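The values are calculated or read from the model by the stated rules, or taken from the named source; none is laboratory data. Only a predicted model underlies this, so the values are computations on that prediction, with no experimental measurement involved. Using ideal geometry, Cβ is built from the backbone for each residue, glycine included, and neighbour counts are taken over all protein chains shown. For accessibility, only protein heavy atoms count, side chains too; no ligands or nucleic acids. Shrake-Rupley method; radii C 1.70, N 1.55, O 1.52, S 1.80 Å.
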Amino acid sequence: SDYSQEPPRHPCLKINAKEPFNAEPPRSALISSYVTPVDFFYKRSHGPIPILDNIDRYCVSISGLIGKPKDIYMTDIWKLPKYNVTATLQCAGNRRTAMSKTRTVKGVGWDVSAIGNAVWGGAKLADVLELIDISNCTSTTPFGGKHVEFVSVDKCKEENGGPYKASIPLRQASNPEADVLLAYEMNGKPLNRDHGYPLRVIVPGVIGARSVKWLDSIDIIAEECQGFFMQKDYKMFPPSVNWDNIDWSTRKPQMDFPVQCAICSLEDVDVVKPGKITIKGYATSGGGRGIERVDVSIDGGKTWVEASRYQKAIIPYIADHASSDKWAWVLFEAKADISQSAEIVAKAVDTAANVQPENVEVIWNLRGILNTSWHRVHVRVGH
Ligand code: MTE
Ligand code: MO
């Protein structure tokens, strides 16, 4: 593979893998603003970053179980109503490094910053699907059990040099309320190359792996996508499954993200002065569920206080279309007095009363995904 034409990146990113490029910002960058600046947004790729410069000729071909295949050009997409959706994107591998401390897992290591909150601007996939004839797909039961497959132009070794791809159910893709976007903007500017220029999918509330970048084509298919990242990766297995007894066919591809939070104002190595400390971080859940509460402890989880929460998009470039924060994280903050070295803990509760598991051991899985265990930071008090 050719990595000689990678885009420039901000020097503060911590590089977890160079080729393909995988990097995350320092924790503190995530809590300095509600909307994560593009430079500090984690970058997750599986091959060289494509160069798609000829925007006039760029098109997405839609085919499969539809009346007649159709090419959709950027001019067609720009003509559709534009929506700005504030949505948190999180890699299923976020916090993998911490899970690997229990037992070895396979995958790129990440601290707590394989996540970001951006304002994605683009057309609703539901509106794009209106441009084609999907009556074939709807003849039996409304929208049936069909799927919408997104195929990229990037080439990755997991697909034996083929393109990255993923699918979501047609029911979700064609539901305007699901806010699935074909996005051409991130935080009010055209997407940059790392994040999918010129066009990417954003599937709010779902693990990042389904938000396909550098979109090349869309297929309406009867079964879910058979690609590597759907069938041989990003599935959640129990702790008993290892590389000798794994049967990939027993599990569904992971879609919605579970409830998650992390402390971003402290690192494990921090030495603090005795007195007031500020515990700040993010909390988010999948499937459009909001955050009901964030609890913080300074004694390893024996006693708790509730953190205050902050969720607001005061963003000048959202004007004409109503935006909602349904898909976006909350930032939380609590202050506490500490006099001795301590284990600081945070855990969130979502609006369906889902809670995070206390320990990582009980959710350990061989691919190291969905580490949503209570986030713990050890601080030392020094003078
Ligand atoms: N799309 C393509 N074409 N190629 C990829 O490697 N990675 C996926 C997803 N879409 C990927 C992709 C994964 S695993 C994640 S977590 C997100 O993109 C990361 O998006 P970001 O780099 O914009 O943060
Ligand atoms: Mo990911």
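One table, with the values for the structure above:
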{"read-out": "Residues of the stretch 217-254 satisfying the condition of being within 13 Å of ligand 1 (Cβ to nearest atom), within 23 Å of Val360 (Cα to Cα) and of a type in the set (A, V, I, L, M)", "value": "none"}
{"read-out": "Subset of the stretch 339-357 that is over 28 Å from Val203 (Cα atoms) and modelled with pLDDT of 95 or more - its residue that is surrounded by the most Cβ atoms within 10 Å (Cβ to Cβ)", "value": "Ile344"}
{"read-out": "Residue in the stretch 44-57 that is of a type in the set (A, V, I, L, M, F, W, C) and free of Cβ contacts under 8 Å to residues at least 24 places away in the same chain present", "value": "no"}
{"read-out": "Test for Asp154: is it touching a residue at least 60 places away in the same chain (Cβ under 8 Å), within 16 Å of ligand 2 (Cβ to nearest atom) and over 21 Å from Asp216 (Cβ atoms)", "value": "no"}
{"read-out": "Whichever residue in the stretch 199-223 is surrounded by fewer than 20 Cβ atoms within 10 Å (Cβ to Cβ) and of a type outside the set (A, V, I, L, M) and, among such residues, is nearest to Ile77 (Cα to Cα)", "value": "Asp219"}
{"read-out": "Qualifying position, being more than 13 Å from ligand 2 (Cβ to nearest atom), open to solvent by less than 40 Å² (accessible area, probe 1.4 Å) and over 14 Å from Gly208 (Cα atoms), among Val108, Val119", "value": "Val119"}
{"read-out": "Candidate set from the stretch 187-225 (those that are without any contact (Cβ under 8 Å) to a residue 24 or more places away in the chain and not charged (D, E, K, R)); member that is farthest from ligand 2 (Cβ to nearest atom)", "value": "Pro190"}
{"read-out": "Conditions (1) open to solvent by less than 10 Å² (accessible area, probe 1.4 Å); (2) of a type outside the set (A, V, I, L, M, F, W, C); (3) farther than 30 Å from Arg309 by Cβ: number failed by Gln231", "value": "(1)"}
{"read-out": "Matching residues, the stretch 175-191, being closer than 17 Å to Glu130 by Cβ and either modelled with pLDDT under 95 or surrounded by fewer than 21 Cβ atoms within 10 Å (Cβ to Cβ) (or both)", "value": "Asn175, Pro176, Glu177"}
{"read-out": "Strands (runs of 3 or more DSSP E) contained in the stretch 129-216 and holding at least 3 residues within 12 Å of ligand 1 (Cβ to nearest atom), under 15 Å from the mean Cα position of the chain (by Cα) and at positive phi", "value": "none"}
{"read-out": "Elements of type helices (runs of 4 or more DSSP H) contained in the stretch 1-115, each with 2 or more residues being touching a Gly at 6+ places or on another chain (Cβ under 8 Å)", "value": "27-31, 96-100"}
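Quick grid of which residues meet (1) open to solvent by 80 Å² or more (accessible area, probe 1.4 Å); (2) out of contact with any strand residue (DSSP E or B) (no Cβ under 9 Å at 6 or more places or on another chain); (3) within 16 Å of ligand 2 (Cβ to nearest atom):
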site	(1), (2), (3)
Ser1	yes, no, no
Pro20	no, no, yes
Asp53	yes, yes, no
Ile66	no, no, no
